[in-house]
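Heads up: the structure comes next, in structure tokens.
The values are calculated or read from the model by the stated rules, or taken from the named source; none is laboratory data. The shown structure was predicted, so the numbers you read here are calculated from the model rather than taken from an experiment. Using ideal geometry, Cβ is built from the backbone for each residue, glycine included, and neighbour counts are taken over all protein chains shown. To get the accessible areas, we keep the full protein, side chains included, count just its heavy atoms, and leave off ligands, DNA and RNA. Shrake-Rupley method; radii C 1.70, N 1.55, O 1.52, S 1.80 Å.
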Amino acid sequence: MQELNRLYAGFLGLPPGRTDPAAVKEASLSALCRSLQWAKDNSPFYRERLKRVNPDRLRSLDDLAGLPFTTAEDLADRPQDLLCLSQSQVERVITVHTSGSSGAAKRVYFTKSELEDTAEFFRCGLNDLLGPESTVLALLPHDTPDGAGHLLGRALKSGGRPIKLIWPLDDLEQTARWVRDNQPGCLVGLPVHILNLAEKVGPGAAGAALFCSEYVPESLRRRVESALGAPSYIHYGSTECGLGGAVECSPKSGCHVRADIIWEVVQPGGDRVCRPGEAGELVITTLRRRAMPLIRYRTKDLVRMSETPCSCGGLGPRLVWLGGRLEGARLEGGDALRQAELDEALFSLPAVKDFRIYLIREAKDKLHTDYVSARPGSDLGPKIIKALEQVPAIARSLDCGGLTLAPPQSVSGLAASHTIKRVVTDQRH
């Protein structure tokens, strides 16, 4: 992780050779105090929220636990109050929608230098994984200036790495031919797109896969690695953390995080900071952002984090487990039906290429499944029903009589989006 370590030290302003834990914590605390003061001085939202907080009195990073949280609702309801700069100094505004929600969209603001920080994180992360020369095929939107695909393309081209960008993936056969002809070092994209392309091209066509933008079920990851005969890696990112957040190292010991963010794990729905290695909700605090700093922002993502040294030599903590979104559609019986659990169950079926789940209300709740089959004309319905019945939330709701399963329907394809996360669509209300 040589390049990411260099970037890690640069983000914190550490001098060469001073990357020991004590130096990292000291630099992080100084950056935190500056970010808090900037937010208090320039954001109406944080001026009110942090009025009882004196940044100069923070003595350790542990003191962060006493500060109030920022939520997705705050970003949707009061984006202008969170802004610390004039609109003329903002380079990009990203609007984030959530599938199945009728609430207001979140808006997140970035300066040009903040976007360049993300581009550099992308470049360094891929260089550490792949070396500096191999070609990358990125299945990402790239026509929006300073979007994730555009930033990735610009970052890799500036470093001399060949990259081909394709979006949307509407001609799988043509893309597969390009992969076989060019044998890229890495495929980058949504897990479902990588799965479909990997199973089309077969072993030896690409050197690795890097999943981004969505939760990655282990069942899908195993299928991709088996199809390609090559390793796969995970990038964790969100708009709120600056599009690029953490990337897995080659030993697959976890996703190494950016140094310009403080990463906490707290009790889901509560405020207790979790013990090391305990699963909980990821909370982020930005250290260098000037347009819209975020203080203790609740991501609603389920993770485990470790601060033990990694065998790859990477600096800082890492996310050693990613459990998907905490949110889910509440079923009769009290359980939340989470997309991550459905992904694990249905992608374990080798013929399932993609699927979507939605709930409607009849005499009782009814769960509908649309699926894309690798074997058109074959009926995967019975296998899908059996797999769904093994999902704990569904099993308990079936047992209490509050849910029925509609016969799964085969469809020709499902649109994937980088602006709307995959979730269970709740049409009951």
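Worth a mention:
- Hits among aspartates and glutamates - C-alpha to C-alpha of Lys383 under 18 Å, sequence gap 8 or more where chains match: Glu341, Asp343, Glu344, Asp354, Asp370
- Candidates Ser412, Leu220, Tyr233 compared by Cα position along the dipole of the chain: farthest toward the positive end lies Tyr233, with charges placed on Cβ.
- Here the accessible area is traced with a 1.4 Å probe on the protein chains. For the chain, carbon and sulfur cover 48 percent of it.
- Prolate/oblate/rounded label for the range 357-429 (Cα gyration tensor, a/c 1.5): oblate
- Paramagnetic reach from Asp62 (point 7 Å along Cα→Cβ, amide N under 14 Å) across the range 26-43: none
- Kyte-Doolittle at least -0.5, axis length at least 20 Å by Cα - qualifying DSSP helices, the chain: 21-42, 112-130
- Separation in nanometres of the label points that stand 7 Å from Cα toward Cβ, at Gln390 and Arg47: 5.7 nm
- Rounded to two decimals, the Cα-based Rg/Rh of the range 266-366, with Kirkwood Rh, is 1.07.
- Packing, taken as the mean count of other beta carbons within 10 Å per residue, orders the peptides 27-34, 54-61 from highest to lowest as 27-34, 54-61.
- Over all directions, the projected convex hull of the C-alpha atoms in the range 316-366 averages 5.6 nm² in area.
- Anisotropy class of the range 20-79 from Cα gyration tensor, a/c 1.5 cut: prolate
- Debye equation applied to the C-alpha atoms of the range 123-190, log10 I(q)/I(0) at 0.14 Å⁻¹: -0.39
- With contributions of -39500 (n - 2.57) from each DSSP H run of at least four residues, the per-residue ellipticity at 222 nm computed over the chain stands at -9500 deg cm²/dmol.
- Of every Cα-Cα pair in the range 360-401, the percent that sits beyond 14 Å: 58 percent
- When only the Cβ of Lys, Arg, Asp and Glu is charged (+1, +1, -1, -1), the dipole of the chain relative to its Cα centre reaches about 400 debye.
- Derived scalar couplings between HN and Hα for the range 268-277 equal x, x, x, 10, 6, 6, 6, 5, x, x Hz in order, rounded to whole Hz, by the Karplus curve 6.51 cos²θ - 1.76 cosθ + 1.60 (θ = phi - 60°), x for Gly and Pro.
- Per-peptide average of other Cβ atoms within 10 Å, ordering 202-209, 374-381, 79-86 highest first: 202-209, 79-86, 374-381
- The magnitude of the dipole of the range 107-177, with charges of +1 and -1 set on the Cβ of Lys/Arg and Asp/Glu and taken from the Cα centre, is near 120 debye.
- Selected from Ser397, Ala363, His429, residue furthest toward positive end of dipole (the range 330-429; charges at beta carbon): His429
- Taken per residue, the accessible surface of the range 48-108 reaches 58 Å², heavy atoms only and a 1.4 Å probe.
- Using the average count of surrounding beta-carbon atoms within 10 Å as a protection proxy, the listed peptides 70-76, 186-192 rank, highest first, as 186-192, 70-76.
- Three-way shape label, the range 17-134, alpha-carbon gyration tensor, a/c 1.5: oblate
- Placing +1 on the Cβ of every Lys and Arg and -1 on the Cβ of every Asp and Glu, with no other charges, gives the range 201-359 a dipole of roughly 380 debye about its Cα centre.
- Structure note, pairs Lys386/Lys421; Lys366/Lys386; Lys106/Lys300: Cα-Cα distances above 19 angstrom occur for Lys386/Lys421.
- Take the range 1-46 with all the other protein chains still there, run a 1.4 Å probe, and you get 49 Å² of accessible area per residue.
- Full extension of the chain segment joining Thr71 with Asp143 gains 22.9 nm, where the gain is 0.36 nm per residue of separation less the Cα-Cα distance.
- Calculated FRET efficiency for the pair Trp321/Asp399, C-beta based, R₀ 25 Å, to 0.05: 0.30
- In terms of overall dimensions, the chain has a Cα radius of gyration and Dmax of 21.9, 67 angstrom.
- Its Kirkwood hydrodynamic radius, worked out from the mean inverse distance over all distinct Cα pairs, puts the range 151-230 at 12.9 Å.
- Relative to the 2.2 N^0.38 Å rule of thumb, the range 210-332 has a C-alpha radius of gyration ratio of 1.09.
- Annotation: for a label point projected 7 angstrom from Cα along Cα→Cβ of Gln80, residues of the range 44-70 with backbone N closer than 16 Å are 44-46.
- The range 345-385 - accessible surface per residue (Å², probe 1.4 Å): 45 Å²
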